[in-house]
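Remarks on the structure that follows.
Read-outs: derived from the displayed coordinates by stated rules, not from any lab. All of these numbers come straight from a predicted model, not from anything done at the bench. Every residue, glycine among them, receives a Cβ derived from its backbone with ideal geometry; neighbour counts consider all protein chains shown.
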Amino acid sequence: MSKEQKSYCCDEVHDDVVNEVIAGMPPLETLYDLAELFKMFGDSTRMGIICALSQREMCVCDIAKVLNMEQSAISHQLRLLRTAGLVRARKSGKSVFYSLDDDHVYSIYAQGLEHISELR
C-alpha cells in the first residue's frame, strides 16, 4: 500500500462517535421500510405520476394522456403508489380521482427535483 493510500486508512475505532451514531439510528426494520419507500421513487413512470399529481388531482385517463401511456399501465403504477401510501383515491360518481397522499410526498419529490437541478 502506498503512503497516499495508507493516509486514508483508519486504524482506530472512535467508540464515542460509534456509540453516538448507533444511539441515533432507527431500528433496522425502519430502515428497511424507508428503503422500500424510496424504491417507489425509482421508476420514471411513477415519478411522472407523482409530478402530474403534484400539480392537481387527476383521473387515470387524464394521467395516461399526460404521460402518453396506456390506462392499464397507469392503473398498475397507481396501485403500487397507493399501497406505499404515496397516493390516495377519491371516488366521485363513477370516476376515481387521484392525488398525492400528503405534503410529505410533495416535499420528497420537490427536494429531489431541486437536487437534480443543482447538479445540472
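Could you list, in sequence order, the residues of segment 50-72 that are among the hydrophobic types (A, V, I, L, M, F, W, C), surrounded by 13 or more Cβ atoms within 10 Å (Cβ to Cβ) and either assigned to a helix (DSSP H, G or I) or touching a helix residue (DSSP H, G or I) at 6+ places or on another chain (Cβ under 8 Å) (or both)?
Of everything in segment 50-72, those that are among the hydrophobic types (A, V, I, L, M, F, W, C), surrounded by 13 or more Cβ atoms within 10 Å (Cβ to Cβ) and either assigned to a helix (DSSP H, G or I) or touching a helix residue (DSSP H, G or I) at 6+ places or on another chain (Cβ under 8 Å) (or both) turn out to be ILE50, CYS51, ALA52, LEU53, MET58, VAL60, ILE63, ALA64, VAL66, LEU67, MET69.
How many of the residues making up segment 57-116 are among the basic types (Lys, Arg) and closer than 23 Å to LEU34 by Cβ?
Result for segment 57-116: 3.
Any residue in segment 46-63 that is under 16 Å from HIS76 (Cβ atoms) sitting within a Cβ distance under 8 Å of a residue that is of a type in the set (Val, Ile, Thr) and outside any helix (DSSP H, G or I)? List the pairs, counting only those 6 or more apart or interchain.
From residues that are under 16 Å from HIS76 (Cβ atoms), the pairs are ILE49/VAL87; ILE50/VAL87; LEU53/VAL87; CYS59/VAL96; VAL60/VAL96.
Given the conditions (1) in a helix (DSSP H, G or I); (2) within 9 Å of the chain's Cα centre (by Cα), and given that GLY42 satisfies all but one, which numbered condition is not satisfied?
Here GLY42 clears every test but (1).
Answer with yes or no whether ASP102 is of a type in the set (Asp, Glu) and touching a strand residue (DSSP E or B) at 6+ places or on another chain (Cβ under 9 Å).
Criteria met by ASP102.
When only residues in segment 73-92 that are in contact (Cβ under 8 Å) with a residue 40 or more places away in the chain and part of a helix (DSSP H, G or I) count, which is nearest to PHE41 (Cα to Cα)?
Within segment 73-92, the match that is nearest to PHE41 (Cα to Cα) is LEU81.
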